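Asks: Structure incoming, see below.
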Amino acid sequence: MLVRLMYASRAAAGVDQDELVAIVRKSKTNNTTQGITGVLCMCLSERIFMQVLEGGRTAVNRLYNRIATDPRHTDVELMSYEEIGERRFAGWSMGQVNMSRLNPALLLKYSERPALDPYGVSGAVSMALFHELMATASIVGQP
Ligand SMILES: Cc1cc2nc3c(=O)[nH]c(=O)nc-3n(C[C@H](O)[C@H](O)[C@H](O)COP(=O)(O)O)c2cc1C
């Protein structure tokens, strides 16, 4: 039983690039053990996190509950939750999207302005954007 979950949140004050690196490093270790894959996207200018988690239902639900109480972000909002037949981010224990390399035309394709605003679009639209990011290889770091 596999599920895919997507949420958005706002980075807390003081959370910077170094903290993001620490979160991704820790996530890679924990997620590998738990069979969880996914991608974490942080837009440094707008201070928004978006994360997709895939894996066993129990493992994903437990992790989401833990992440939701992490003081390094606020306004954690569930955007999408679905049972899936196969993973889309199987190669990534936790990939990281470098927002400085995001193509404004790609953002405009799905939203009114060339900015990342998951609170203003549907979960389906955010998920579609993620898939295009994968296709255009904008994910950085070691799988
Ligand atoms: C935006 C964000 C994303 C996170 N993603 C993950 C994740 O994918 N996996 C993970 O284990 N922890 C993640 N964390 C960290 C968890 O909230 C928590 O600190 C960590 O899982 C605790 O791990 P530990 O019990 O091994 O110390 C994330 C935290 C934030 C703020």
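Asks: Under Stokes-Einstein, with the Kirkwood radius over Cα pairs standing in for Rh, what whole-number D in µm²/s applies to the stretch 81-133 at 37 °C and 0.692 mPa s?
Replies: This corresponds to a translational diffusion coefficient of 264 µm²/s.
Asks: From a point 7 Å beyond the Cα of Tyr119 in the direction of its Cβ, which residues of the stretch 73-96 have a backbone N at a distance under 17 Å?
Replies: 73-80
Asks: Can you work out the Karplus-derived ³J(HN,Hα) for every residue in the stretch 59-75? Use 6.51 cos²θ - 1.76 cosθ + 1.60 with θ = phi - 60°, whole Hz, and x for glycine or proline.
Replies: Going residue by residue, I get 5, 5, 4, 4, 5, 4, 4, 5, 4, 4, 9, 6, x, 7, 8, 10, 6 Hz, with x marking Gly and Pro.
Asks: May I ask you to list the GluC sites (Glu not before Pro) in the stretch 58-115 that are in a DSSP loop and have at most 13 other Cβ atoms within 10 Å of their Cβ?
Replies: Passing sites in the stretch 58-115 are Glu86, Glu112.
Asks: Show me, for the stretch 84-93, the HN-Hα J-couplings you get by feeding each phi into the Karplus relation (A = 6.51, B = -1.76, C = 1.60, θ = phi - 60°), rounded to Hz, glycine and proline as x.
Replies: Listing the rounded values in order: 10, x, 8, 7, 10, 10, 4, x, 10, 5 Hz.
Asks: Work the Kirkwood hydrodynamic radius out for the stretch 43-122: mean of 1/r over every pair of different alpha-carbon atoms, inverted, in Å.
Replies: Computed over the stretch 43-122, the radius equals 14.6 Å.
Asks: Whole percent per 5 Å bin, from 0 to the bin with the longest distance: what is P(r) over all C-alpha pairs of the chain?
Replies: All Cα pairs considered, the percentages come to 2, 10, 21, 25, 23, 14, 5, 1.
Read-outs: derived from the displayed coordinates by stated rules, not from any lab. Just so you know, these numbers come straight off a predicted model, no measurement behind them. Cβ atoms come from the backbone with ideal geometry, glycine included; neighbour counts cover every protein chain shown.
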